[in-house]
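Working notes, structure below.
The values are calculated or read from the model by the stated rules, or taken from the named source; none is laboratory data. Every value quoted in this text rests on a predicted model; they were computed, and no experiment measured them. Here the Cβ is made from the backbone with ideal geometry for all residues, glycine too, and neighbour counts use every protein chain on show.
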Amino acid sequence: MSEDQLDWPAIHEAAHKLERGELVAFPTETVYGLGADAENACAVTYIYEAKERPSDHPVIVHLAPEADLAYWAASVPDDARKLIDAFWPGPLTLIFKRAEHVSPIVSGGQDSIGLRCPSHPVAQALLRTFKNGKGGIAAPSANKFGHVSPTTAQHVHDEFGQGGMVACILDGGQSDVGIESTIVDVSRGEPVLLRPGHVSAADIARVLGKYPLQPDRNAPRASGTLEAHYAPVTPVAMVDAAQIAEVSKALHGAGRRFALMHYSARFDASIAAEKNVLPADPVGYAHDLYAALRTLDTAKADVMLVEAPPTEDVWNGINDRLRRAAHDSAGILDRLLRS
C-alpha cells in the first residue's frame with residue numbers, strides 16, 4: 001500500500017479520536033491493534049475494559065519511526081540499538097526500563113515498558129499524525145482477551161461489532177506477518193527472548209553475535225505470554241503428522257465431528273467436517289494461521305485437529321501460538337474417544 005492509497009481523512013479522524021481519549025483499531029504488519037493514547041491512563045483503562053483483559057497484563061506502546069525513545073525508556077542499551085537498527089520498523093518489540101514519568105498502566109504496574117515501531121503504512125501514517133508523531137499508541141491485539149488475534153478489519157468487527165467502546169476501525173487489508181511481534185527483554189543486561197515471532201532467535205543472534213537467553217522467573221510479564229492464549233472457542237488438539245490419519249479415523253468412527261488444519265497431504269482429509277490447508281512454509285503458514293483458526297471455529301466441531309508444524313527455529317513463533325491455543329484443551333481427544 002503506497003502513501004497515495006491511504007485514506008487520509010479516516011487516518012486524521014482516527015488520530016483525533018485517540019487525542020480525545022477514544023479507542024481506535026488499526027492494522028499493523030503483525031495483527032490488528034486496539035489503540036489508545038499511551039499517555040492517557042483513563043484511555044488505556046478502556047482498552048483493558050473493552051478486551052476484558054487483566055489489569056496486570058502489559059500492553060505494547062507503538063511509536064513512529066522518528067519517536068524519541070528516551071522519552072519512554074529510562075535507558076537504551078547497545079544491544080537494543082543494534083536490534084532497532086536491524087528490525088525497526090518491523091515485528092519486534094523490545095522491553096526497556098520504563099521512564100519514571102510514563103504511567104505504569106501500560107506495563108501492568110511493572111517498572112518496564114514494551115516498545116515497537118510497526119512497518120504497516122497505515123500504522124505509520126496514524127502514528128505520525130497522532131500528536132505530530134510525538135505520541136505513543138498503547139495497543140494490544142484488537143480482540144477479546146485470550147481469543148484468536150485479528151488479521152483483518154472484519155475480524156475486529158466480529159469481535160466488537162458496531163459502535164460500543166471501539167470508536168473506529170481503520171482497514172489496511174490483511175496483516176502481512178499474521179502473528180504477533182517477537183518480544184525481547186533488553187532491560188536486565190543480556191537479551192532474553194520472551195515471545196518468539198517472525199524475527200527468530202537466529203535472526204537476533206546474527207545481529208548481536210549471541211543467542212537471546214530463555215526467560216527466567218524474574219523476567220518481566222509481557223503481552224501474549226500466558227500459558228493459555230490465542231484460543232478459538234473450539235477445543236484444539238495438536239497431533240503429529242504420522243498420527244493424523246489414525247486419530248481422524250477414530251474420531252469419525254466415534255461419531256465425533258472434527259475440523260482439520262494441516263499443511264501436508266499424507267492422509268485422507270475427506271472425513272473432516274471442515275478443513276483448511278495452510279502453506280508448508282513458515283511465512284505463508286503464519287500469514288494464514290489466525291484466519292484459518294477463525295474459519296474452522298465456525299464449523300461448530302467437537303475438536304479442531306491441527307497437524308503439528310515442524311520444530312525448526314523458524315517455526316518457533318507458530319508453535320508457540322498453537323501450544324497456547326491448545327493449552328486449555330489438554331486431554332480433549334481422550335475424553336471424546338472414551339465417552
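Report yes if residue 250 is touching a residue at least 24 places away in the same chain (Cβ under 8 Å), over 23 Å from residue 148 (Cα atoms), surrounded by fewer than 21 Cβ atoms within 10 Å (Cβ to Cβ) and within 29 Å of the chain's Cα centre (by Cα), otherwise no.
Judged against the criteria, residue 250 is not a match.
When you look at residue 272, is it buried (at least 16 other Cβ atoms within 10 Å of the Cβ), within 30 Å of residue 154 (Cβ to Cβ) and under 17 Å from the mean Cα position of the chain (by Cα), yes or no? Lay out the reasoning, then the answer.
Values: buried (at least 16 other Cβ atoms within 10 Å of the Cβ): yes; within 30 Å of residue 154 (Cβ to Cβ): yes; under 17 Å from the mean Cα position of the chain (by Cα): no.
For residue 272, the condition - buried (at least 16 other Cβ atoms within 10 Å of the Cβ), within 30 Å of residue 154 (Cβ to Cβ) and under 17 Å from the mean Cα position of the chain (by Cα) - is not met.
Inside the range 313-339, can you point out the residues that are surrounded by fewer than 15 Cβ atoms within 10 Å (Cβ to Cβ) and either under 14 Å from the mean Cα position of the chain (by Cα) or on the phi > 0 side of the Ramachandran plot (or both)?
The answer is 331, and nothing else.
Restricting to the range 97-116, give me the number of residues that are crowded, with 24+ Cβ neighbours inside 10 Å and out of contact with any Ser or Thr (no Cβ under 6 Å at 6 or more places or on another chain).
Residues meeting the conditions: 3.
I need the strands (runs of 3 or more DSSP E) fully contained in the range 141-244, keeping only those with at least 2 residues that are over 17 Å from the mean Cα position of the chain (by Cα). First the steps, then the outcome.
On the way: elements: 166-169, 182-185, 192-195, 236-239.
Filter on the range 141-244 gives 166-169, 236-239.
Is it true that some residue in the range 297-309 is free of Cβ contacts under 8 Å to residues at least 40 places away in the same chain, surrounded by 15 or more Cβ atoms within 10 Å (Cβ to Cβ) and in the same structural domain as residue 251 (by TED's automatic domain parsing)?
No: zero hits.
Within the range 303-339, which residues are touching a Ser or Thr at 6+ places or on another chain (Cβ under 8 Å) and closer than 17 Å to residue 250 by Cβ? Step through it out loud before you land on a result.
Our first condition is that a residue be touching a Ser or Thr at 6+ places or on another chain (Cβ under 8 Å); within the range 303-339, this holds for 303-305, 307, 313-314, 316-317, 319.
The answer is 303, 304, 305, 307.
Condition (residue is touching a strand residue (DSSP E or B) at 6+ places or on another chain (Cβ under 8 Å) and surrounded by fewer than 23 Cβ atoms within 10 Å (Cβ to Cβ)) applied to the range 175-189: is it met by at least one residue? Spell out the reasoning first.
Step one: of the range 175-189, the residues touching a strand residue (DSSP E or B) at 6+ places or on another chain (Cβ under 8 Å) are 180-187.
Of the ones still in play, those that are also surrounded by fewer than 23 Cβ atoms within 10 Å (Cβ to Cβ) are none.
No; the residues of the range 175-189 include none that is touching a strand residue (DSSP E or B) at 6+ places or on another chain (Cβ under 8 Å) and surrounded by fewer than 23 Cβ atoms within 10 Å (Cβ to Cβ).
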